[in-house]
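Asks: Have a look at this one.
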Amino acid sequence: MTDQSITSVSRESRAFKPSAEFKAQANLGSEATYKRLYAESVNSPEKFWSRQAKELLVWRKPFRSVVKWNAPHAEWFGGGMLNVAENCLDRHLGTARENKAALIFEGEPGDVRTITYKQLHFHVCRLAHVFENLNVGKGDRVAIYMPMVPEAVVAMLACARVGAIHTVVFGGFSSESLKDRINDCGAKLVITADGGWRRGKVVELKKTVDEALEHTPSVQTVLVLRRCKNEINMQEGRDIWWHEAWEGAPNHHKAKAFPSEHPLFILYTSGSTGKPKGVLHTSAGYLLGCKLSSQYVFDLKESDLYFCSADIGWITGHSYVVYGLLSNGATVFLYEGAPNEPGPDRFWRMIDRHGITIFYTAPTAIRAFMRWGDNYVLSHQLSSLRLLGSVGEPINPEAWMWYHRMIGKKRCPIVDTWWQTETGSIMITPLPGVTTCKPGSATRPFFGVVPKVVDEKGKEVPKGQGGKLVITKPWPSMLRTLWGDDRRYQQTYFSEYPGIYFTGDGARQDKDGYFWIVGRIDDVLNISGHRLGTAEVESALVAHPAVAEAAAVGRPDDLKGQSLVCFVTLKSGIEATEDLKQKLRAHVAKEIGALARPDSIRFAAALPKTRSGKIMRRILKEIAVGGEVKGDTTTLEDFTVVATLQAED
Ligand code: WT7
């Protein structure tokens, strides 16, 4: 893609200052302090991060160095030893937080459970013993495929406690996707549940696990939580019930310390080519990034009840449901099910019922709420809310204004937080007591983050001009590599501009220095706030016996951000029928998961290609939106292909 195509059409000029009341109580309420701390964090990073790490984390052994950067490899807090679970739990015991709620859970059927820090500690300790009895420990991989229930958090923290590396797989992924992830990391243990509640129905997780495990030689044990009491198959010698396994396990567990750079988790995310990438995060730097940003971005107070609607299967759930919040001793609200079950006001009902104060969600959800209608919101008070957040994709100013007016009642600041699975924690964001917000802009960098908008050659572009977003300095919570594929790590993130992290996003900076993220510039789609590689969809399609070639592209969509349009050529002799279209849509959903189900399939006699045989997705994108093909077509091999595709529209 050329620079000219990264133009931002946004001409937003509204600005919203934090109110005097909010400012007065904020953890950070002065512009001068933000400027001073930010300057220190980027000019003297060692000093800044050393102080933060000492203040915020509990160390078993102090670190000797702050950062060693040998691009693209970073070592943070070398020589230090700590335990991440201890930092989230044990540190609060014996303090006023001991009997404070760590989790308030509401299941989709309406069941509510409150779990204090002391109780959560017990749960995690017991599960840690179970792991040790199963011989699961330091460096072993554990796949977690669970509903959004407290035990999912317990499972993650128990892994951290024994030094095992968790890989959480979102419960909406198919058995194929689960199998690939398990095999890629060689998981020894799988933790799942009989099922989870979603839209009044049971999602049969264990059944999907059984299918996946037909081809996963590394798995020795499956630990099964009883949640929905649906009938499942338990395989003798492999499957054990959670409640039976931890019967009699002690409530106390002496946690070992691990080095700062000990791997904490692998989280798979889509890339522009090939199979999903296993993003690896390590312990101390990751935890520090999450903890510090939670304090400042969410302005966390002891009395807050914090609700993030993301599933723990995504990075948002890792950083801003579990690690960033529990390390701060916050109370986290967990919800299991769909936002419109039993009705479209479920979230507003829960906010009032529990007194939720901070609400963090995605623009695609906000657009769904808008579409469902204001009446569902207006029948609730929402008076407990004091801060709102957005993440996952650029928020369109219209949705921002609705969120501000309808949910925040013009009283709550909105933090539009830009970050990625790879960055581990929030990178560009307003600070709610300081930053004047402009709807649609993620505004300014967080501490220690040095973003730049550059041209093809890596030269910073003038303010107002579009370009590629890069991060020029290492930061503590950055990914360390891709699991089992360090070459791909270097190529994906550090080869475009040697030694500099390339985000894959297009952006521009306005005259005030605010960042406006335009979206992905590689072949990655953003559908309902989730990343999906066009290559994954294409490879699922060509795996179908009827398909010869496929190209997947995104089309702007009012609700989902982007919708998925696939162009397919069929093998000779196969008839292009409506029925086949439906079959192919179902096939992709089965291969990857429902979130990848194509919105539209278009059969074509041929796909537009360059002379060297590369599919020209740019042209297909233009056709998908129903427009003319305007861009440069001089490299196109066969002009008639485009004419035919347009005629078929
Ligand atoms: C991509 C990362 C970070 C957790 C959720 C998604 C887009 C994310 C914003 C935002 C504009 C955003 C970017 C980014 N994105 N937040 N506030 N404004 N774009 O994590 O799946 O790793 O996706 O989501 O394109 O690169 P992810």
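The values are calculated or read from the model by the stated rules, or taken from the named source; none is laboratory data. Keep in mind that this is a model prediction, so the values were computed, not measured. Cβ coordinates were reconstructed from backbone atoms using ideal geometry, including for glycine residues, and neighbour counts include every protein chain displayed.
Asks: Read through the list (1) closer than 30 Å to Asp90 by Cβ; (2) within 16 Å of the ligand (Cβ to nearest atom); (3) buried (at least 21 other Cβ atoms within 10 Å of the Cβ), then give the number of the only condition that Ala330 fails.
Replies: It fails just one condition, (2).
Asks: Could you check how many residues of segment 227-256 are surrounded by 14 or more Cβ atoms within 10 Å (Cβ to Cβ) and either touching a residue at least 40 places away in the same chain (Cβ under 8 Å) or in contact with an Asp or Glu (Cβ under 6 Å, 6 or more places away or on another chain) (or both)?
Replies: The number of residues fulfilling the criteria is 11.
Asks: One residue is enough: does segment 177-191 have a residue meeting the conditions within 16 Å of the ligand (Cβ to nearest atom) and either part of a loop (DSSP other than H, G, I, E, B) or within 24 Å of Leu595 (Cα to Cα) (or both)?
Replies: yes
Asks: Another question, then. How many of the residues in segment 402-430 are touching a Lys or Arg at 6+ places or on another chain (Cβ under 8 Å) and more than 10 Å from the ligand (Cβ to nearest atom)?
Replies: 4
Asks: Counting only residues that are within 16 Å of the ligand (Cβ to nearest atom) and farther than 23 Å from Leu292 by Cα, which one in segment 475-487 is surrounded by the fewest Cβ atoms within 10 Å (Cβ to Cβ)?
Replies: So the residue we want is Trp483.
Asks: Within segment 594-615, take every residue that is touching a strand residue (DSSP E or B) at 6+ places or on another chain (Cβ under 9 Å) and at pLDDT below 85 and give me the one that is surrounded by the most Cβ atoms within 10 Å (Cβ to Cβ).
Replies: Of everything passing the filter in segment 594-615, Ile615 is surrounded by the most Cβ atoms within 10 Å (Cβ to Cβ).
Asks: Of these, Cys125, Cys159, which one is part of a helix (DSSP H, G or I), touching a residue at least 40 places away in the same chain (Cβ under 8 Å) and over 20 Å from the mean Cα position of the chain (by Cα)?
Replies: Matching residue, one of Cys125, Cys159: Cys125.
Asks: Right, next: Tell me which residues, restricted to segment 257-271, are closer than 30 Å to Val524 by Cβ and surrounded by fewer than 21 Cβ atoms within 10 Å (Cβ to Cβ).
Replies: Within segment 257-271, Glu261, His262, Thr269 qualify.
Asks: One residue is enough: does segment 55-66 have a residue meeting the conditions touching a strand residue (DSSP E or B) at 6+ places or on another chain (Cβ under 7 Å), within 21 Å of Leu225 (Cα to Cα) and surrounded by fewer than 20 Cβ atoms within 10 Å (Cβ to Cβ)?
Replies: Among the residues of segment 55-66, not one is touching a strand residue (DSSP E or B) at 6+ places or on another chain (Cβ under 7 Å), within 21 Å of Leu225 (Cα to Cα) and surrounded by fewer than 20 Cβ atoms within 10 Å (Cβ to Cβ), which makes the answer no.
Asks: Right, another one. Just need a number here: residues in segment 558-583 that are farther than 19 Å from Leu620 by Cα, in contact with a Pro (Cβ under 9 Å, 6 or more places away or on another chain) and of a type in the set (A, V, I, L, M).
Replies: Here the count works out to 1.
Asks: Filter segment 532-552 down to residues that are within 16 Å of the ligand (Cβ to nearest atom) and either hydrophobic (A, V, I, L, M, F, W, C) or surrounded by fewer than 21 Cβ atoms within 10 Å (Cβ to Cβ) (or both), then give me how many there are.
Replies: The total comes to 3.
Asks: Just to verify a result, which residue in segment 276-313, among those that are part of a loop (DSSP other than H, G, I, E, B) and within 16 Å of the ligand (Cβ to nearest atom), is modelled with the lowest pLDDT?
Replies: Pro276
Asks: Next question. Within segment 359-397, how many residues turn out to be away from the ligand (no atom under 16 Å from the Cβ) and of a type outside the set (Gly, Ala, Ser)?
Replies: 14
Asks: Separate question: Being in contact (Cβ under 8 Å) with a residue 12 or more places away in the chain and of a type in the set (Lys, Arg) is the filter here; which residues of segment 599-616 pass it?
Replies: Those that are in contact (Cβ under 8 Å) with a residue 12 or more places away in the chain and of a type in the set (Lys, Arg): Arg602, Lys609, Arg611.
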